[in-house]
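The values are calculated or read from the model by the stated rules, or taken from the named source; none is laboratory data. Nothing here was measured: the structure is a model prediction, and the numbers come from that model. In this analysis, Cβ positions are derived from the backbone assuming ideal geometry, glycine residues included, and neighbour counts consider all displayed protein chains. Only protein heavy atoms, including side chains, enter the accessible area calculation; ligands, DNA and RNA are left aside. Shrake-Rupley method; radii C 1.70, N 1.55, O 1.52, S 1.80 Å.
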Amino acid sequence: MKQFQYVRPANQQGVLAAIAQPGTKIIAGGSNLVDLMKHGVMAPDKLVDINKLPLRNISGISNGLHIGALALNSQVAEDQQVKTKFPLLSQALTAGASAQLRNMATVGGNMMQRTRCPYFYDTAMPCNKRAPGTGCGAKEGFNRMHAIFGFSDKCIAVHPSDMCIALAALDATVLIQGRKGTRHLKFTDFHRLPGTTPELDNNLAKDELITGVEIPNNNFAQHSYYLKVRDRASYAFALISVAAALDIQNGIIKDARLAMGGVAHKPWRLTTAEQLLKGKPATVATFEQAAQTAMQGAKAFKDNAFKLQMAPASITEALTHAAGLV
Amino acid sequence: MEDQNKGFEAESNLQPKDNPRRDFLKKSSLLTAVALTPAVAVKAAENHLDEKVAAVFEKLSLDVTVNGVAHKLSVEPRVTLLDLLREQLHLTGTKKGCDYGQCGACTVHVDGHRVNSCLTLAMMVDGKKVITIEGLANGDELHPMQEAFIKHDGFQCGYCTPGQIMSAVACIREGHANSEAEIREYMSGNICRCGAYPNIVNAIQEVKNGGQKV
Amino acid sequence: MKQQELLNIPPLTEGIDRVDGRLKVTGAAKYAAEFEVPGMTYAVFANSTITKGTIKTIDTKAAERAPGVLAVFTYLNAPKVPGYQTGGDPSKPPSGGGPLKLFVDNTVKYNGQPVAMVIADSFERATYAASLVKAEYTKEPHQTDTSKVLDKAATPKGPRFADYKRGTPDDWQSVPVKLEAEYVVPIDVHNPMELSAIIAHWTADDKLTVYDKTQGVKSTQNAIAQAFKLPPDNVQVTAKFVGGAFGNALRTWPHEIAAVMAAKQVKRPVKLVLTRDMQFYTVGYRPYTWQKINIGATADGKLTNLVHEARAQTSSFEEFTEGTVNMTRFMYACPNVGTIYKITPVDVNTPTWMRGPGEATGAFALECAIDELADKLNMDPIELRVRNHADTDPENGKPFSTKYLKEAYQMGADKIGWQNRKSKPRSVQEDGWLIGYGMGSGVFGAGRGRATVKATMQSDGVLLLQTSVTDIGVGTGTAMTQIASEVFTGIPVSKIKFELGDSSLPPSPTQGGSMITSTVGGAVHDACVALKEKFQQLIGNGGTDKPDYIQVLKDKNIPQLDVTITSSGNSEMRNFSSYSYSVHFVQVKVHPKTGVVRINKVVSVADSGHIVSPKTARSQVIGGAIGGIGMALMEEGVIDHRFGRYVNADLANYHVPVHADIPHIEALFVNKPDYKVNPMGAKGMGEIALIGMSAAVANAVYNATGKRVRELPITPDKLLG
Ligand SMILES: Cc1cc2nc3c(=O)[nH]c(=O)nc-3n(C[C@H](O)[C@H](O)[C@H](O)COP(=O)(O)OP(=O)(O)OC[C@H]3O[C@@H](n4cnc5c(N)ncnc54)[C@H](O)[C@@H]3O)c2cc1C
Ligand code: SF4
Ligand code: FES
Ligand code: FES
């Protein structure tokens, strides 16, 4: 790791001033950034530690819940309000990383974490995301963990987060602070598809700070489920993950939310399938139909064809659990 | 540069440590430049100033309490808590198994919470309390978890053990040791290649069920 | 099997706590990289990013100028390691080849090969400076994909590896039931939790102390002494605690020699800790092995033919061999048996033995094939094994010293509830999961080598035992203490001290091959017996069997009494075949939609003679089972052959089991002594604990799903479709 400067501004103003300088990076929990710096993938000249900012709160707001950007993944997962109002989020967080890492990882950092594509991590290999123009190592290489939706010629990586899959499903909003002011972004608009600029993971500007997320109230708490399929029982990234939330009344699905992880460069919201579910009886047959719909447009690479089968099976499974049919 | 520093540098007290050569260096215009531009540092190196210059400008002061002992240190910001403990404080009980947050061997408690010290920059525990495996026992009297690990043979080579024990204590304190399945899930951040898992789970259950204060 | 026989199994005692437990749970146990030496410096490698070729230019200027850097070594400036010059024509490797020599020339033989070594005054500075080393290469075409060069495999030299034939294995004309199947075991990487590490400290021009991660301090001492042309006594090697190794510290690797070289040159102690990715690239792995089994039997399940062929990878510069096909020769009573073993070089570093070495690879194929045959014959797989039980060694006709394999089958079957297994696959479903049972057995040679132990009765009544053996986690110190306490009845365990892990102590072999309990235990036993006799002589006739040793020493006015005994197996052993056996049983559940496999229950039974240290033995069996589960379900080192680089050289992408993967595991012991092997009647169990486990899992997955996965690991994707 190269030598860098380290500052710990006492307030938001200080942070915003600092990150406006070239070569700076915010550090929150450090669990992704320090890892990438050790690998030589990221090499900021200056770290701006934002832990002095009062962004750790989780608090009820008129139409939902506000979660500060510095709230720890473990803190959010255990929070009583989160558990009762948005158990899906709690489940997704608990499915991620390890207990220790969740004690370090923050909400903002989790959103900003970078792909785990092995070519991205290995500076001796080509990767358009790390070094634009060097080519995508994964496309013709080892791509078992890679995308089946929304990829581009330039990059086929997936976003590794679990938390983000739940937040995408829950219609969350991202709160962003820039030097010129505040803006709100729909969670599903926060992350990007790779397109021709895979080096950009999301739509946050370099000089902006995530201050929190807001989740609107909903009727899904009774019927939601986060399913994570992975190579070992815990402490592994998802092959496929599904966030499923249903509003079921008298056996009929009034409303539905579905998002998938491990399949695209961003949390993959399945709106067509959601539409299909609406008004249908909450049965496995319905879920299977929705799963098939959700898979339209999926395309696999050399090593990840299994996802074409695992993904719909996981959608069905998650919906079945959400509906309480297991 | 000056302008940029004004907003926060002073507030956060991140000043270079005292050093005999500081006065000389202060006068020198290298002061700010060196810390920012590697090229200048290289030039300094050619003039045989490298060691001293680097030592002064790259280190920041750090106050941290480790196992009840307050330390006033001066560290490069790139030093991780793990390397600080092992290489500078010679507290080698905390282990390096991967250096990337992937094994849990480096687990310590920071202000009572378990974290991976390999991904924690030392500067980020400024003002905090760190407890390592060396600080768990009460003098000669082992912590109940240490006793239970011995009794249930919760280890073989012992290399993952400090991390397992720090994690196990936290697991109970967090309230995540209510069933075998829950213990297994919440201990999964600690890999044991020797395969002592079932014995570790037994040890944790015994401590949990024994109701001792952990 | 007769029920009485089972009832005769002696109950196992709890066993003593690990003697070094307190040091391990308090963090006081010191591993190689943890010794403090004043003036320490840190070494970090810069590694090749190409797989094969030569270094065109290597620019170390920036690294040399970086703060804190003391030296940067490359092939251009590294001082010659004197022992590296010996030998014949350097352009022709000796038969079998030899380990890579670092920094001797500009060739690159595998990706990740160190091309420069930076020494700096801190770890951070050395790491940064290493990143500044810039090399340019002339690339040559490489091949790292063993599966592509299987046809180039050749038989290694030496009688052990020659094709084996008994009867007419290739005559299949009148064989009623036949089966042919191919199996693949991928690269598995040891990945002990402790990273390979060494501290090299020259205390004089011709003397050094080395704190090393090694399974054998004596072999490391010799290797360093040879490389630097020193008398072995001038090289002091210490390995008090070893954080697991599983085979990857059996030999002295090039990085160890490089650290010693660097320390000599910079005249300061050098600490080198390999990074986790280097555990994949430069300190060995279980080689990729393709296997084919042809097996035939009569309709009532008597084996008639058995042919086992294996082809495995080695490096381009060194032959690596292991006993992959050997167990097929003697595991079952079959008249017509053939084995073929070949290796093929690829552009990677040399593999090395990994727990349960070749036997674990071979047992996966053989024990799956037996299961497949049982399925074809519609016969219980245990029944098929019992029908083909080898009562004497079919390879050489010798009697077995002891063999309680049938008892082991029975114990395990009873414990797991084998009667609940349905022979028709995919017939049990619970809560949406498919349930299946499987079993597999393992075998490993049980011998006894030579070791020297010094036993001293000190004036304070402490019995001190000393020998150079290391303990990589198996509990050697504990087992030895227990053995001594069985000879010196009356001396409490707390008064017995076992000192190990130091080359200045009397010689013991390298920790490995499940030989230590037998070899060192035998020597400890013999030394204790001799010391007791010496006391008897001292006291004269009529002395009691349990004298007050402190008093005797005081009365005779001698500060202490000691003996040093070298002992090894007796010649009678040659008339017998001696093996340890294991039988593993598992119950799995498989999610039919997602392909996820979970292990529900495990019962592992060991037939490894008398169990001298029950507590640590149980842990070892459990640990081996978990290693086998990893091998079966998740472990695979994946190389992108276009680049020759691993794409999962870390612990996040190379999966080993975590807590959540592992259920309660039952470890059972037949616990019947084999006094032919050593006076304790104990045989090794480190290897058998893993051998056969991966087959048990694969067989259980088949029983659950009806899907036969012949290429490990059995990841969810392989069970879909
Ligand atoms: C071994 C391992 C396994 C893991 N497994 C999982 C898993 O299964 N599922 C999962 O979801 N995650 C997993 N993770 C990732 C983990 O969740 C992330 O590392 C973590 O969420 C990052 O949060 P942080 O606060 O530590 O971020 P940091 O490392 O501090 O920062 C990450 C990035 O976010 C930026 N950033 C941080 N906060 C803000 C902010 N407020 N505004 C703007 N930018 C900001 C930083 O500049 C940096 O670029 C794993 C990590 C490891 C090491
Ligand atoms: S998939 Fe994306 S991140 Fe991976 S190698 Fe290709 S460009 Fe890089
Ligand atoms: S060393 Fe920190 S998690 Fe492995
Ligand atoms: S005891 Fe060796 S890794 Fe856990």
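Quick notes on this one:
- Counted over chain C, the DSSP beta bridges are approximately 75% antiparallel.
- Farthest toward positive dipole pole in chain C [+1 Lys/Arg, -1 Asp/Glu at C-beta], among C:467, C:44, C:451: C:44
- Per-residue ellipticity at 222 nm, computed for the protein assembly as shown from helices alone with -39500 (n - 2.57) per DSSP H run of at least four residues, works out to -8000 deg cm²/dmol.
- 1.4 Å probe accessible area per residue over chain C, in Å²: 34 Å²
- In Å², nearest 10: area of residue C:555 left accessible to a 1.4 Å probe: 110 Å²
- Angle in degrees between helix A:306-322 and the longest Cα principal axis of chain A, rounded to the nearest 10: 70 degrees
- Residue A:80-residue A:12 FRET efficiency (beta carbon distance; Förster radius 22 Å; 0.05 resolution): 0.20
- Pairing chain B with chain A buries about 3400 Å² of accessible area. This figure sums both sides and uses a 1.4 Å probe.
- Cα-only Debye scattering, the protein assembly as shown: base-10 log of I(q)/I(0) at q = 0.04, 0.07 Å⁻¹: -0.23, -0.71
- If a spin label sat at a point 7 angstrom from the Cα of residue C:37 along the line to its beta carbon, the backbone N atoms of the range C:261-304 nearer than 16 Å would be those of C:261-274.
- The range B:61-135: antiparallel DSSP beta bridges as a percent of all, rounded to 5: 85 percent
- C:591, A:184, ranked by accessible area, largest first (probe 1.4 Å): A:184, C:591
- Accessible-area value, residue B:72, 1.4 Å probe, nucleic acids and ligands omitted, Å²: 150 Å²
- Label-to-label distance, nm, for residues given as residue C:494 and residue C:148 (7 Å Cα→Cβ offset): 6.4 nm
- Pair residue C:207, residue C:165: separation of 7 Å Cα→Cβ label points (nm): 6.1 nm
- Solvent-accessible surface of the range B:144-210, averaged per residue with a 1.4 angstrom probe and all protein chains in place: 24 square angstrom.
- Given +1 at the Cβ of Lys and Arg, -1 at the Cβ of Asp and Glu and no other charges, the dipole of chain C around its Cα centre is 360 debye to the nearest 20.
- Cα centroid separation, the range C:570-602 to the range C:465-534 (Å): 29 Å
- Within the range B:170-207: backbone nitrogen closer than 18 Å to the residue B:138 label point (7 Å, Cα to C-beta): B:170, B:173, B:207
- The separation of the range A:186-248 from the range C:610-660, counted between C-alpha centres, amounts to 31 Å.
- Each residue, residue C:155 and residue C:711, gets one label point 7 Å from its Cα in the Cβ direction; the gap between the two is 2.9 nm.
- Euclidean distance of C-alpha centroids, the range C:302-324 and the range B:86-125, integer Å: 43 Å
- Reachable lysines from residue C:546, criterion Cα separation under 25 angstrom, eight or more residues apart if same chain: C:454, C:495, C:497, C:532, C:534, C:554, C:556
- Using Cβ point charges alone (K and R +1, D and E -1), the dipole size of the range C:349-502 about the Cα centre works out to roughly 160 debye.
- The mean accessible area for residues of the range A:130-262, using a 1.4 Å probe and ignoring ligands and nucleic acids, is 34 Å² per residue.
- Calculated FRET efficiency for the pair residue C:462/residue A:305, C-beta based, R₀ 60 Å, to 0.05: 0.35
- FRET E, pair residue B:181, residue A:326, Förster distance 25 Å, beta-carbon r, rounded to 0.05: 0.90
- Cα-based shape type of the range B:123-214, given that a ≥ b ≥ c are square roots of the gyration tensor eigenvalues and the cut on a/c is 1.5: rounded
- Charge dipole of the protein assembly as shown about the Cα centre (unit charges at C-beta), most positive-ward option of A:93, C:677, A:124: A:124
- Loss of accessible area when C meets A, both sides summed, Å² nearest 100, probe 1.4 Å: 2500 Å²
- Accessible surface buried once C binds B (1.4 Å probe; total of both sides; Å²): 5000 Å²
- Per-residue SASA entry for residue A:83, accessible area with 1.4 Å probe, Å² rounded to 10: 90 Å²
- Cross-link reach list, lysines versus residue A:278, counting only Cα pairs under 29 Å and skipping chain neighbours closer than eight places: A:83, A:85, A:186, A:228, A:254, A:266, A:299, A:307, C:593
- Beta bridges per DSSP, both residues in the protein assembly as shown: antiparallel share near 80 percent.
- Greater than 19 Å apart at Cα, pairs in C:165/C:683; C:52/C:101; A:2/A:129; C:406/C:601; B:96/C:30: C:165/C:683; A:2/A:129; C:406/C:601
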